[in-house]
Amino acid sequence: MRRLYTATLYALLAALPAAMTAPPASAQITTLTQPLPAEAREVLEGARERTREALKTYEAPYRPDQPLFREALSLARRAVELAPDNPEALRFLAELNGVTGFYGPAFAAWERFVAAGGVLDAAALDQLVRAGTQVGYARYQQGDLEGALAAYERVADLAPERPLAHRWRGRILLELERPQRALEAWETVLRLRPGDAAAEHFADLAAAGVRYGLPAARAFYDGVAHYEAGRRERARERFAEAARLNPAYAEAWAYVGRVAFEAGDYREAERAYSEASALEPDNATYRYFLAEARRRAEGS
C-alpha cells in the first residue's frame with residue numbers, strides 16, 4: 001500500500017489554488033486567419049487594436065473595467081454576435097476575457113470555441129484549463145461543491161491529459177463521499193503523473209473508502225499519521241475508531257494490535273490481532289504477532 005502520512009500531504013492539495021492562480025508568463029492574444037464576414041472582421045480588428053493599446057498602457061494584472069480593455073471586450077463581443085460560430089472570433093473573446101481575469105466568460109467562450117470546431121492547441125489548452133479551474137475554484141470557495149465539480153469535470157472532458165482538473169475532481173469527490181469516482185480521478189492523476197506522492201495517498205484513501213467506507217478509512221489514515229508523528233495513544237484511538245466503524249477492517253485491527261503490543265499491553269494486542277487474523281487468516285504477519293502477543297500475555 002502506497003502511503004504518505006504527514007501534514008505536508010494536505011498542504012500539497014491546499015497549495016493547488018496558488019499554483020492555479022499564478023499569473024501567465026505573458027499576456028498574448030492569438031491572431032487566427034479564418035474567413036469572417038466583412039463587418040465582423042472590421043469589428044474584430046478594432047478589438048485587437050484596442051487590446052494592443054491596452055497591453056502597452058496598463059500593467060498586469062489587467063482588469064475588464066480598464067477603459068481600453070472595456071472597449072476591446074465590447075468590440076470582441078460584437079464580433080461574436082456578428083459571427084456567432086466563428087472560431088477566430090470566439091477564441092479572441094476567450095483569450096481577451098482570460099487576460100483580463102474575466103474567467104467565467106472566458107471559459108464559456110472556450111466551450112463555444114470547441115463547439116464551433118476550433119482546435120485546442122497547447123496555448124489554447126493552457127488558457128482553457130486556467131479559466132475553467134478558476135471557475136471551479138470560485139464555486140468551491142463559495143461552498144458549491146456540486147457546481148465546482150461540474151466545472152472541473154468539464155475541464156477534464158476538454159483537456160483530459162492535464163492533471164489539475166482531475167486533482168480537484170478527486171478532492172471534491174472525497175468531500176462529497178463518493179470514493180469510487182474519487183479513486184478513478186486519482187488513478188487518472190497517477191497515470192498522468194506517475195509517482196505523485198499526494199495522488200498515491202489519496203488513491204489509497206479512496207480505495208479504502210470503497211472497501212470499508214470513507215469514515216472508517218479516514219479514521220484509519222488519521223491513525224497512521226498520528227502513529228508516525230509519535231502520538232501513539234491518539235493513533236490507537238483512531239485505529240480503534242476505524243475498526244468500530246467497520247469491524248471488517250483487518251488492517252485497522254492490526255494497527256490497534258501493533259500500538260498495544262509496542263506499549264506492552266499484550267492482552268489488548270492479542271485481542272486485536274485475533275480479530276485481524278480471523279478476517280485475513282492467510283496473513284502471516286498477523287498470525288505471528290497474535291502468537292507472540294498471546295505468549296507474552298500468558299507469561300506476564
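Based only on the alpha carbon positions, what is the Kirkwood hydrodynamic radius of the range 103-208, in angstrom?
13.9
Quick one: Debye curve from the C-alpha atoms of the range 9-209, no solvent, what's log10 I(q)/I(0) at q = 0.08, 0.09, 0.15, 0.17 Å⁻¹?
With no solvent term, the Cα-only Debye profile gives -0.31, -0.38, -0.89, -1.05.
Evaluate E = 1/(1 + (r/R0)^6) for T285 and A123, where r is the Cβ-Cβ distance and R0 equals 45 Å; express this FRET efficiency to the nearest 0.05.
That gives a FRET efficiency of 0.30.
Can you give the FRET efficiency to the nearest 0.05 for Y58 and S274, using r as the Cβ-Cβ distance and R₀ = 45 Å?
So the FRET efficiency works out to roughly 0.05.
Pop a pseudo-label 7 angstrom from the Cα along the beta-carbon direction at both A297 and Q180 and give the gap in nm to one decimal.
With each label point 7 Å from Cα toward Cβ, the separation is 3.8 nm.
Return the loop-located GluC sites (Glu not before Pro) in the range 36-66 (DSSP other than H, G, I, E, B) with at most 11 other Cβ atoms within 10 Å of their own Cβ; answer none if there are none.
E59
Using 1/(1 + (r/R0)^6) with R0 = 30 angstrom and r between the beta carbons of A138 and L192, what's the FRET efficiency to the nearest 0.05?
Once rounded, the FRET efficiency stands at 0.80.
Looking at the chain, which longest stretch skips every one of the trypsin sites (Lys or Arg not before Pro) that is in a DSSP loop with at most 16 other Cβ atoms within 10 Å, leaving the sites themselves out?
Formally, the longest exposed-site-free interval is 4-230.
When a/c is below 1.5 the answer is rounded, else prolate if a/b is larger than b/c, else oblate, so apply that to the range 213-299 with a ≥ b ≥ c taken from the square roots of the Cα gyration tensor eigenvalues.
Oblate, since a/c reaches 1.5 and b/c is not below a/b.
The numbers here are math on the coordinates, done by the rules we state, and not lab data. Source: prediction; values computed, not measured. Methodologically, a virtual Cβ is constructed for each residue, glycine included, from the backbone with ideal geometry; neighbour enumeration extends over all protein chains shown.
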